[in-house]
Amino acid sequence: MKYELVIPIEPKPKARPRATVIAGHASIYTPKETRVFEAKVAAIAAEHIKEPIRGTVYLRMKFYLARPKRLMRRSDPEGAVLCPLRPDLDNLEKSLIDGLTGIAFLDDSQVAEKYSAKLYHEKPYSPREHTIPVSALYDVNYGRPRMEIEINGWDEDIVLGKEVEY
């Protein structure tokens, strides 16, 4: 089973759990912004995924962040550019995987292999420009913050101990 998704919202990192004391009892909670983001991811994924993968899962994730103005000069590359700054890649992965849990796969412990990249999105194109990549004509999310995900389920034979070749 294989799913490919584009989630057209700005990627958000998983925030650390917060602690509070209410009536003398300690309570730990996930911040609202993180819960809202994970709910949006789940809602979008649920529109495209009919049933969760039950076996081992391989994830390929690309996080396209808003491109800063300093990378919008004519001399800067047109395509996506690696992002070496915050937010941390592992926190972006956590929030996305938590949003997909229960929709794309039953539990995040099923993820056995993953690839991820954090990039600044492509330069947006204005109507005055004449050189628009062919892929941009078909992808309404080109040049915008988004997340692209490929989710693969492996055969049970591989899970049960046969050697995997790369």
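Condition first: exposed (fewer than 11 other Cβ atoms within 10 Å of the Cβ) and within 17 Å of Y115 (Cα to Cα). Now tell me which residues in region 44-89 satisfy that.
L82, P84
Which of (1) modelled with pLDDT of 90 or more; (2) loosely packed, with under 12 Cβ neighbours inside 10 Å does V41 not meet, given it meets every other one?
Of (1) modelled with pLDDT of 90 or more; (2) loosely packed, with under 12 Cβ neighbours inside 10 Å, only one is false for V41: (2).
From the set of residues in region 3-40 that are in contact with a strand residue (DSSP E or B) (Cβ under 6 Å, 6 or more places away or on another chain) and in contact (Cβ under 8 Å) with a residue 40 or more places away in the chain, which is nearest to L96 (Cα to Cα)?
P11
Taking E33, is it touching a Ser or Thr at 6+ places or on another chain (Cβ under 6 Å) and part of a helix (DSSP H, G or I)? If you could, list the steps in order and put the result at the bottom.
Values: touching a Ser or Thr at 6+ places or on another chain (Cβ under 6 Å): no; part of a helix (DSSP H, G or I): yes.
So E33 fails the test.
Need pairs with beta-carbon distance below 7 Å; first residue within 23 Å of V57 (Cβ to Cβ) and at pLDDT 85 or above and within region 106-130, second of a type in the set (A, V, I, L, M, F, W, C) and in a loop (DSSP other than H, G, I, E, B); sequence gap 6+ or separate chains.
Qualifying pairs under 7 Å: K118/C83; L119/A80; L119/C83.
Just checking, how many residues over region 53-97 are over 17 Å from V6 (Cβ atoms), outside any loop (DSSP other than H, G, I, E, B) and not acidic (D, E)?
Final tally of qualifying residues: 11.
The values are calculated or read from the model by the stated rules, or taken from the named source; none is laboratory data. Being a predicted model, the structure only gives us computed values, none of them experimental. We place every Cβ from the backbone using ideal geometry, glycine too, and count neighbours over all the protein chains shown.
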